[in-house]
Structures are given as C-alpha cells and as structure tokens.
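For reference, the structure is listed below as structure tokens.
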C-alpha cells in the first residue's frame, strides 16, 4: 500500500510538470483572442534556464572583451599593465645611466686629486634590451671580410707586437700641435712611480694660464689638496688638467680655444710649496709626459 502511494505521488508530480496550460492574449473590449500559447511547467522551466545561460554567456563576453569591465570593481585598465612594465624598464635604464654618469664624474675627481683609478667595472644589465631575443648571425659578407683580413696578415714578414714592444709604434699625440699653457721653469717632472702624473711649472704670481688645445671644460672647481682646478676635454680623447690656480676664468661646459686664458697662476691647496702650475696631460685614459709634446 505504501509503495502504491509513492508511485501515485511520483506520477502526480510528473503529470503536473507535463500538464499543458493555455496562455491566451485577448483584447479587453471585444474579448477577441490575439495570441495563444500552450505551455507546461517543464517547458517554462527549460525556457527560463536557457535564457539565463544565454544572458550569463553574453555578459561574460562583454566583460572580457570590451572596456565595460573597467567599471566593475576589481578590474583595472586594459593597457595599464603594459604601461607599468614599460615605465619600469625605462626607470631601470635611467638609473643605469645616472650611475654611469656619477662614476664618470668620480673618475674625473680621482684624476684631478691624483688618486688611483678603480679597476674595470662590469656594466649592469639594461632592462630596456631583451638579451634573450638577440641572435648573432654571421652574414656571408662578414665571413668573406674576415677571410680576406686573415689572408692579408698570414704571409707578413714582420710582427706588429714585436714592433710595439720595441717602441717603434709612434704615438698619436706626436701629430698634435699643442699650445704652451705657461712659460716657466719645470721644477718637478713626470714620474709614474711616485704617482706624479704631470709637471710643475714655476712662474710669476698672477701669470695667465692658457688652454693647450680647443676643447670643452668638464671640471672647474675647488679641491682641498689641489686648490682651484680646471680640466678640459679635447679631441682624440685627450684631457688636460691645471691645478693650484689662484682663480678660474672658465666654468664647466664652456668651450675654449687653444691659447685662450682659462686660469691664473697661484698657490692654492694643501699640496703647495709656492706659486706654480701643476699640469697633466692624459691620452685614452692614461697619463703621458707633457715635456715630450709641449715646449714650456
């Protein structure tokens, strides 16, 4: 009996969901039928479920592929991540450039003060460059050029390394015409062992010091040990330094011509014994003896 009741309930439930109902649309005045629909509960449930799924799908597409998602809390701008990545790479590159400039200025100060230069420092990785995407491939023209250069020196009857060690390689400074910075007497010459990278020229007080070549002033300031100092960058990677001056006539960034007054002879700084000019000449980052190229 109990099982029969359960079966009746199941059949009644299924019958109720499948029972047909008529939905009629009529005019209010004439009671004329306009539309008629035959529906069941199951059909209505399936129709509403399908409509809900379609609406959810369309809403997801709108959120994922249109700018409308920017108005939903939790979503950010579509291009904001790319912009942040580019800004981060540019910031790293700017920081790297500033570090290199600071290192360059510090090296100049060390040269002016007569300190030893630091060893080779490996450059930091530039994040603006994607090193993994760089592919080095030798072209056919490059291979032919390398082969031609190798063949030219294969049958040479001399050895360039031996010529250089024998002192037969002429310095590039020999062809440069320098202007004398000051006429006077040299009291202390160039000596690498004693770390005296220039010559001391004694002259009268308040004598004018002149630039040896055309160039740009890269350093013009006061230091405790060497007093008023001025440094000029010339062509062919040549730098000239003038120390212990009484006054400086040029500032950093000024362009000067050869023979143009740049400072006044004095006796400033702690490392001073009288009015004189300490003059240094640097080529390719190495100090050279000024007496070999300039007549004082």
Worksheet entry | Unique match (being in contact with a helix residue (DSSP H, G or I) (Cβ under 9 Å, 6 or more places away or on another chain) and in the same structural domain as residue 202 (by TED's automatic domain parsing)) among 277, 241, 249 | 241
Worksheet entry | Qualifying positions in the range 17-47 - surrounded by 10 or more Cβ atoms within 10 Å (Cβ to Cβ) and outside any strand (DSSP E or B) | 17, 18, 19, 40, 41, 42, 43, 44, 45, 46, 47
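Let's see how each residue does on (1) over 29 Å from the mean Cα position of the chain (by Cα); (2) not in a strand (DSSP E or B):
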site: 228; (1), (2): yes, no
site: 231; (1), (2): no, no
site: 243; (1), (2): yes, no
site: 250; (1), (2): yes, yes
Discussion item. Please go through (1) modelled with pLDDT of 90 or more; (2) assigned to a loop (DSSP other than H, G, I, E, B); (3) in contact with a strand residue (DSSP E or B) (Cβ under 7 Å, 6 or more places away or on another chain); (4) surrounded by 13 or more Cβ atoms within 10 Å (Cβ to Cβ) for residue 296 and return the number of the only condition it doesn't satisfy.
Written reply: (1)
Response to the item:
Within the range 267-279, of all residues that are over 19 Å from residue 190 (Cβ atoms) and within 41 Å of the chain's Cα centre (by Cα), the one surrounded by the fewest Cβ atoms within 10 Å (Cβ to Cβ) is 270
Worksheet item: Which pairs have Cβ atoms under 7 Å, sit 6 or more apart or on different chains, and link a residue in the range 91-110 that is closer than 30 Å to residue 225 by Cα to one that is at pLDDT 85 or above and surrounded by 12 or more Cβ atoms within 10 Å (Cβ to Cβ)?
Response: 108/218; 108/219; 108/231
Discussion item. When you scan the range 217-230, do you find a residue that is free of Cβ contacts under 8 Å to residues at least 40 places away in the same chain, surrounded by 13 or more Cβ atoms within 10 Å (Cβ to Cβ) and more than 16 Å from residue 268 (Cβ to Cβ), even just one?
Written reply: no
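The values are calculated or read from the model by the stated rules, or taken from the named source; none is laboratory data. All values derive from a computational prediction rather than experimental measurement. For neighbour counting, all protein chains shown are included, and Cβ atoms are generated from backbone atoms with ideal geometry for every residue, glycine included.
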